[in-house]
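Encoded as structure tokens, the structure appears first; notes follow it.
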Amino acid sequence: MAVPSWLERLRAASKTALVQDGKRKVHYLFEDGKEMAEEYDVKTGQLVSRKWREKNTLGGSGKWQVEVGEPTSPLLGALESELIKESSSNPVFMRKDTLTSFQWRIRNLPYPKEVYSVSVEKEQRCCVIRTTNKKYYKKFSIPDLDRYQLPLDAAALSFTHANNTLIITYQKPKEILAAEEQLQKELKKIKAANNGDGDCKTQ
């Protein structure tokens with residue numbers, strides 16, 4: 001069965017945890033050298049961000065790639081990045097999950113809801129956003145489903161549009177909900193350092 005394999009990788013990874021600013025920050029180091037950093041809201045247990053980093057060809061650490069959460073700009077500080085982002089008219093694509101669904105938001109899309117269509121391409125294992133006015137096209141995958149080797153289900157996909165933002169929701173399958181519940185139990189076993197307590201605790 002495929003589901004335990006990803007969970008087993010997570011369990012086998014070297015993990016450090018830190019509680020800071022109301023978030024539980026967990027860093028995973030996998031046997032193949034890949035790193036994953038996650039942040040959870042301490043009160044709700046909701047995933048706030050997830051980033052990945054791999055070794056580059058020279059053996060050093062590569063750049064962090066954002067999977068969930070606000071996209072970051074490597075050249076700008078948070079404030080400048082925010083100012084430029086707000087003034088930009090280009091669409092901004094980001095993923096922001098809830099406890100029960102995967103969710104993507106594309107800001108700066110002013111067209112009415114009837115212009116958009118969102119579909120599942122099962123063979124390519126991705127979702128596709130199209131517009132009848134040909135102004136926006138986006139193809140994106142759901143890495144979580146790939147990691148658990150689960151099929152894409154068109155019935156789980158829905159979208160809405162408000163405040164110039166297209167919001168796409170994919171209901172998490174029961175296998176992922178169960179796996180995430182197990183993972184949360186595992187993470188709670190890690191003794192987390194509090195901000196200012198020095199080094200993170202490792203498992």
(request) Just check the stretch 1-47 against the gyration tensor rule for me: Cα atoms, a ≥ b ≥ c as the square roots of the eigenvalues, rounded for a/c under 1.5, and otherwise prolate or oblate depending on whether a/b exceeds b/c. (result) oblate
(message) Filter 55/185; 43/189; 34/122; 15/185; 51/135; 96/189 down to the pairs with a C-alpha to C-alpha distance above 20 Å, please.
(response) 55/185; 34/122; 51/135; 96/189
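Quote the FRET efficiency, to the nearest 0.05, computed for residue 121 versus residue 70 with a Förster distance R0 of 41 Å and r equal to the Cβ-Cβ distance.
0.95
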(request) Subtracting the Cα-Cα distance from 0.36 nm times the residue separation, let me have the gained length for residue 178 to residue 92 in nm, one decimal. (result) 27.8 nm
(request) Between residue 100 and residue 153, with labels modelled 7 Å along Cα→Cβ, what's the label distance in nm to one decimal, could you check? (result) 1.3 nm
(request) Post the alpha-carbon centroid distance, the stretch 123-163 to the stretch 20-51, in whole angstrom. (result) 24 Å
(request) Note the full-extension length gain between residue 9 and residue 43 as 0.36 nm times their separation in residues minus their Cα-Cα distance, in nm to one decimal. (result) 9.6 nm
(request) Calculate, for residue 137 and residue 189, the FRET efficiency according to 1/(1 + (r/R0)^6) with r their C-beta to C-beta distance and R0 41 Å; round to the nearest 0.05. (result) 0.40
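Stokes-Einstein at 10 °C, 1.306 mPa s, Kirkwood radius from Cα pairs: D for the stretch 99-167 in µm² s⁻¹? Please report the intermediate quantities before stating the final value.
On the way: Rh = 12.9 Å.
In µm²/s, the coefficient is 123.
Since every read-out is calculated from the coordinates, none of them should be taken as a lab result. All of these numbers come straight from a predicted model, not from anything done at the bench. Using ideal geometry, Cβ is built from the backbone for each residue, glycine included, and neighbour counts are taken over all protein chains shown.
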